[in-house]
Amino acid sequence: MKNKPSLQNAYDLKSPDDNIKLYSAWAGTYDNDFIQDMQYKLHFSVAEEFVLNGGNGLILDVGAGTGALAEALLKKGNFSIEAVDISEEMLKVADSKNIYKRCFLSDLTKEIPAKNDFYDGVVSSGTFTHGHVGPSAMEELVRVTKPGGLITISVNEKHWVALGFESELKKLTHSIKNYALKKISIYGEQSSHDHKDDKAIILSIKV
Ligand SMILES: C[S@@+](CC[C@H](N)C(=O)[O-])C[C@H]1O[C@@H](n2cnc3c(N)ncnc32)[C@H](O)[C@@H]1O
């Protein structure tokens, strides 16, 4: 069944509507059967990199899901964070944790309902990956971030190459100051599933 929650089914999604269906079925168990059982740790790496590069202020967590990245950030400091996601059910779980200032629904393949230069920072973990969101969404992330602000997002390494993130990034050079890349593991060293060795690029953009 295609909507059965699993990492492979998530990677095989084809459209935003597919994402809504799968994550609506996954929201209730995602924290246990994905984050915990598969030793997912990408949210910790993104939080660490964001803080290391001086991220602060009002932050937008894009593709926030059940709120793992905000939880990781709040362990490191006193941030004010908003969540955006395409899945109402994932956001309901995130909202129930009382970690976000505001949660709102939006499709990242379209315009984000926020003013230009609104956020001090934008973060994301696990959302720029196979079957989810591609490089064209980066322009919107830059648009809603203040000059001097910081964007830190993870991009699945194979997705980065297949969809040409770096050449999309080069098109944004007129609107950003600089960017840096770091390759890291998505899962913990003790994990034993088929994707245990998958890597992600952490992209940090100074706007
Ligand atoms: C693998 S989960 C990651 C959730 C969370 N950031 C984490 O690290 O656990 C991917 C999230 O991206 C969301 N998503 C997928 N496509 C999207 C889109 N087009 N617009 C907004 N969110 C999307 C899904 O609903 C899901 O919550």
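Screening the candidates E82, E89, E48 for the property of being out of contact with any strand residue (DSSP E or B) (no Cβ under 8 Å at 6 or more places or on another chain), more than 9 Å from the ligand (Cβ to nearest atom) and at pLDDT 95 or above yields one hit, E48.
Let's see how each residue does on (1) closer than 20 Å to D17 by Cα; (2) at pLDDT below 95; (3) within 16 Å of the chain's Cα centre (by Cα):
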site	(1), (2), (3)
D107	yes, no, yes
K115	no, no, no
G121	no, no, yes
G126	yes, no, yes
G131	yes, yes, yes
G149	no, no, no
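Listed by first and then second residue, the pairs linking a residue in segment 17-37 that is within 15 Å of H193 (Cβ to Cβ) to a residue that is hydrophobic (A, V, I, L, M, F, W, C) and within 11 Å of the ligand (Cβ to nearest atom), with Cβ atoms under 9 Å apart and 6 or more places separating them unless they lie on different chains, are D33/W26; F34/L7; F34/A10; F34/W26; I35/A68. For V84, the criteria (1) outside any helix (DSSP H, G or I); (2) under 11 Å from V123 (Cα atoms); (3) touching a residue at least 60 places away in the same chain (Cβ under 8 Å) hold in every case but one, which is (3). The set of residues in segment 34-45 that are surrounded by 14 or more Cβ atoms within 10 Å (Cβ to Cβ) and more than 8 Å from the ligand (Cβ to nearest atom) comprises M38, Q39, K41, F44, S45.
Is there a residue being touching a residue at least 24 places away in the same chain (Cβ under 8 Å) and among the basic types (K, R) anywhere in segment 178-185? There is at least one residue in segment 178-185 that is touching a residue at least 24 places away in the same chain (Cβ under 8 Å) and among the basic types (K, R). When V123, V133, V93, V155 are checked against the criterion of being in contact (Cβ under 8 Å) with a residue 24 or more places away in the chain, farther than 20 Å from E48 by Cβ, touching a Phe, Trp or Tyr at 6+ places or on another chain (Cβ under 8 Å) and of a type in the set (A, V, I, L, M, F, W, C), a single residue qualifies: V93.
The values are calculated or read from the model by the stated rules, or taken from the named source; none is laboratory data. Keep in mind it's a predicted model, so treat the numbers as computed, not measured. All Cβ positions, even for glycine, are placed from backbone atoms using ideal geometry, and neighbour counts span all protein chains on display.
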